[in-house]
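All remarks here apply to the structure that follows.
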Amino acid sequence: MHRLVLACLLSVCLSACGIEGFESLADPNPPMSLSAFSQTNAIILRFISYNYEDNFSGFNVYIGDSKQMVVNKTWIVTNVNTESIPTVRATSRYLKPTTVEIVLDGRYRNRLPFTRFTTHIFVGVTAYDSIRKINSITSDVTNLVITNN
């Protein structure tokens, strides 16, 4: 009987000793097959996401006047409502490959960093892990002619 009580106490102590649960250490999967096009006062980004990671929180959009600026993540587009990242918050994880569309409307286009680029930009997207504060590698980088009409 004493052994049973001792075993129960030992198991309770070991299970409550401050060891946290295991978190996924997998980096976020990068968005795939990015396409971008410009409409009147909006930029539409479409890509495939497969982000099942526990800490996945959304997507960051990077722009620049060269492919290298985007790959280096020089200019991030912050969320227009919160002025923070991710650019677009995810409402759920993508447990299977899913087509995602991001619309960057006039609220984004009329502020930095978009105002630095008037006619032509390169754009890329990353998946974001808000707990570890890391991005996936950048998606395919595509170039885009901006239309304002």
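Listing for the model above:
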{"read-out": "Size of electric dipole in region 27-145: Cβ of Lys, Arg +1 and of Asp, Glu -1, about Cα centre, debye, nearest 20", "value": "180"}
{"read-out": "³J(HN,Hα) computed for each position of region 108-117 - Karplus, 6.51 cos²θ - 1.76 cosθ + 1.60, integer Hz, glycine/proline x", "value": "7, 5, 9, 9, 5, x, 4, 5, 6, 10"}
{"read-out": "Region 27-145, relative contact order [Cα under 8 Å, separation at least 6], %", "value": "39"}
{"read-out": "Net charge, Val103 excluded, C-beta distance under 12 Å - Lys, Arg +1, Asp, Glu -1", "value": "+1"}
{"read-out": "Packing-based exposure ordering (other Cβ within 10 Å, fewest first) of Tyr52, Tyr128", "value": "Tyr52, Tyr128"}
{"read-out": "Cα-based radius of gyration of region 27-145 once divided by 2.2 N^0.38 Å, which approximates compact folds", "value": "0.97"}
{"read-out": "Residues Ser84, Ser139, sorted so that the one with the fewest Cβ neighbours within 10 Å comes first", "value": "Ser84, Ser139"}
{"read-out": "Separation of the Leu25 and Asp105 label points, Cα + 7 Å toward Cβ, nm", "value": "4.3"}
{"read-out": "Residues Lys133, Lys96, Lys73 arranged by fewest to most Cβ contacts within 10 Å", "value": "Lys96, Lys133, Lys73"}
{"read-out": "Residue-count net charge about Glu83 - beta-carbon cut-off 12 Å; Lys, Arg +1, Asp, Glu -1", "value": "+2"}
{"read-out": "For Ala90, distant residues with modelled amide H under 5 Å away", "value": "Gly58, Phe59"}
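Just so you know, all these numbers are worked out from the coordinates, no wet-lab data involved. Being a predicted model, the structure only gives us computed values, none of them experimental. Methodologically, a virtual Cβ is constructed for each residue, glycine included, from the backbone with ideal geometry; neighbour enumeration extends over all protein chains shown.
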